[in-house]
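Some notes on the structure that comes next.
The values are calculated or read from the model by the stated rules, or taken from the named source; none is laboratory data. If you're wondering where the values come from, they're calculated on a predicted model, not measured in any experiment. Neighbour counts are summed over all protein chains in view; Cβ atoms, including those assigned to glycine, are modelled from backbone coordinates with ideal geometry.
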Ligand code: LLP
């Protein structure tokens, strides 16, 4: 995100983060709306240039919000949803259901019914028994639904084990190698109320290079040709990386997507297979770098010759990725520029030793209670993975653009926190 200092204070689009904090409180998620739009446009432009017919669906799990979905619709994006709740939120945002794909490795009958009633564009089928369940429900509802089959290509993406999904031992998709995928395709083709529409794969997340995707496209297209299967669409999922720290690599959208689309075109041409439409499902790369979290510094505790703990007014309830994946972040003091730094541990306020935001991170020696900290690249899988652990309230979310600052999600209230409790 483009943060600049004006009179020492961090600003975004000319708005001081201190003023934003003053108005909305902390912890607070702040998004650069223009950056989100810009990412959507980069994907569009690169895919347009490929000459392929394409669609891009934003993977809503990265950050689900009505205002974001409205923005996605304005940017000609589709949506990937994985639950009744995500679909409900999208429909509430008046998102065109014909641009929504319904995912999930364990869809309930209720979710299948709901998605059919909503008129989603297609289901991404993830298991053999799901085919019969979708077919039966579609038949009962007198409708025919489109479906793509998620296959497991047996390719390992080079990323954290918890966010790898394309390896053989995975709960996602049907294995090509073990013959489950071909069985799935045949079942779908035979189903009376399902139109077989294509193939889907997603090999993992936070992947910074295209080799795994390229290899998978080749495997899938050859497999389709060998088995004489025609498809309309090949959905290659998401997983494009972002920069959490200056050492990380943001997936090179222009070059990477070009290499991917060219592989699809060349592979199809080489073996005389009809080139399908391509579909992408980026989540993190659309919103990740566009978001930051603001916290207020509270207790500062120095343990002689050991460590200095700087505690903030949020923690693993709004920032679980450090505890879960040992993810690394860059932090900055919002209030002032101060080059005299020391390495400290920034901790949350929740009752758990693992509630850490960043270990061994450089912050000004002068950091004290009342200061404001900014954690960068928290736009994806932060708000959406937030919880009420320790009855913490979910933070507010604001969007900032050249036009100004607007609140898109209000801070959760104490009343809302206990709204479902029987008193
Ligand atoms: N499509 C499918 C089928 C997916 O499973 C995912 C992510 C995406 C698209 C979007 O992937 P992205 O472009 O955002 O990498 N909580 C983890 C990430 C889990 C990703 C799950 N699936 C994290 O915080 O890193």
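Looking across region 306-322, the residues that are surrounded by fewer than 24 Cβ atoms within 10 Å (Cβ to Cβ) and either within 13 Å of the ligand (Cβ to nearest atom) or over 11 Å from residue 26 (Cα atoms) (or both) come down to 306, 307, 308, 309, 311, 317, 320, 321, 322.
Might you check whether a residue that is more than 30 Å from residue 262 (Cβ to Cβ), in the same structural domain as residue 145 (by TED's automatic domain parsing) and crowded, with 20+ Cβ neighbours inside 10 Å occurs anywhere in region 46-63? Taking every residue of region 46-63 in turn, at least one turns out to be more than 30 Å from residue 262 (Cβ to Cβ), in the same structural domain as residue 145 (by TED's automatic domain parsing) and crowded, with 20+ Cβ neighbours inside 10 Å.
Of everything in region 236-267 that is touching a residue at least 60 places away in the same chain (Cβ under 8 Å) and in a helix (DSSP H, G or I), the residue that is farthest from the ligand (Cβ to nearest atom) is 265.
Taking the criterion of being assigned to a loop (DSSP other than H, G, I, E, B) and surrounded by fewer than 18 Cβ atoms within 10 Å (Cβ to Cβ), the residues of region 331-348 that qualify are 336, 337, 338, 339, 340.
Screening the candidates 91, 68, 79, 10 for the property of being crowded, with 18+ Cβ neighbours inside 10 Å, in the same structural domain as residue 383 (by TED's automatic domain parsing) and within 30 Å of residue 393 (Cβ to Cβ) yields one hit, 10.
Here's the yes/no breakdown for (1) under 21 Å from residue 121 (Cβ atoms); (2) in a helix (DSSP H, G or I); (3) not assigned by TED's automatic domain parsing to the domain that holds residue 136:
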position	(1), (2), (3)
187	yes, yes, no
209	no, no, no
212	no, yes, no
223	no, yes, no
231	yes, no, no
234	yes, no, no
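Which one is surrounded by the fewest Cβ atoms within 10 Å (Cβ to Cβ) among residues in region 170-180 that are in a loop (DSSP other than H, G, I, E, B) and more than 16 Å from the ligand (Cβ to nearest atom)?
So the first thing to find is which residues in region 170-180 are in a loop (DSSP other than H, G, I, E, B), and the list is 170-173, 176-179.
Subset that is more than 16 Å from the ligand (Cβ to nearest atom): 176-179.
Numbers: 176: 24, 177: 12, 178: 12, 179: 10.
Step by step, filter region 170-180, then rank; the result is 179.
Yes/no per residue for (1) farther than 27 Å from residue 35 by Cα; (2) out of contact with any strand residue (DSSP E or B) (no Cβ under 7 Å at 6 or more places or on another chain):
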| site | (1), (2) |
| --- | --- |
| 321 | no, yes |
| 333 | no, no |
| 340 | yes, no |
| 344 | yes, no |
| 348 | yes, no |
| 356 | yes, no |
| 361 | no, no |
| 381 | no, yes |
| 395 | no, no |
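When restricted to residues that are surrounded by fewer than 18 Cβ atoms within 10 Å (Cβ to Cβ) and not in a loop (DSSP other than H, G, I, E, B), region 119-134 contains 4.
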